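Asks: Here you go, one structure.
None of the figures in this text is laboratory data; all of them are computed from the coordinates on show. Note that the structure is predicted; figures quoted are calculated from it, not measured. Because the Cβ atoms are built from the backbone with ideal geometry, glycine has one as well, and the counts that use them run over all protein chains shown.
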Amino acid sequence: MLKLLNWFKKNLAFILAGIFLFCLIACFVSGCNYHKNRFKCPEITTHTVIIHDTLIHNIVDSFPYYISNTVKIIYRDTIIQPVDTAEILRDYFALHVYNRQWEDSLLSVNLRDTITENHFLGNKFQYQILRPQTIINNTTDNSIHYAKYVYAGIDIPIQNINYIEIEGIFAFKSGYIGLGYEPKIKSINIKGGISLLKFK
């Protein structure tokens, strides 16, 4: 019994360190399971926005948006008789206004041409996009941030393991405070520090 008691006193630091490590691992595992069940991971919220184009777009009747050139001139051999020269000249100098429109599920196009003396006098080209634009926004709520922490740790000297220390630390934004206990000298140590540098 005396040998067992002496062995226990001799290895008290190792026994306490083992107990502390076991408690630390148990607290870590239980804390992870508690946090996993208590605080669910943030869910991704999906918002689908459908935007309809309500604008009518105009293509300006000038370079470089509009280029006009003569591709081909075809002269007809057959001339309807009788020929009214005055009517031909009247029609030649008249303003011929044509309005054409195309539309499908994607686009609506309206083209207005003014022709006189066998040339385009002016054009008005308008189009509207009919197919709506779909925008999908995925939002993740990461608003949970922690600013204070409680740590439990152990200090193990490299040269003399007998001076092992068990400690607890409360850390906050500007520093930390804590307590430690060294079984070898049966002393309670006070710890404290301030924050000097911060990194992202």
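Asks: State the dimensionless ratio Rg/Rh of the stretch 49-135 (Rg: radius of gyration of Cα atoms; Rh: Kirkwood radius).
Replies: My calculation of the ratio gives 1.16.
Asks: Among the trypsin sites (Lys or Arg not before Pro) within the stretch 97-174, which fall in a DSSP loop and have no more than 13 other Cβ atoms within 10 Å of their own Cβ?
Replies: Passing sites in the stretch 97-174 are Lys148, Lys173.
Asks: Return, for the Cα atoms of the stretch 62-200, the radius of gyration and Dmax in Å, separated by a comma.
Replies: Calculated on Cα positions, Rg and Dmax stand at 44.3, 131 Å.
Asks: A further question on this structure: Using the structure shown, list the pairs from Lys10/Lys186; Lys148/Lys186; Lys148/Lys184 with a Cα-Cα distance above 21 Å, or answer none.
Replies: In this structure, Lys148/Lys186; Lys148/Lys184 exceed 21 Å between Cα atoms.
Asks: Using only alpha carbon pairs under 8 Å that are at least six residues apart, calculate the relative contact order of the stretch 49-135 and give it in whole percent.
Replies: This gives 41 percent for the stretch 49-135.
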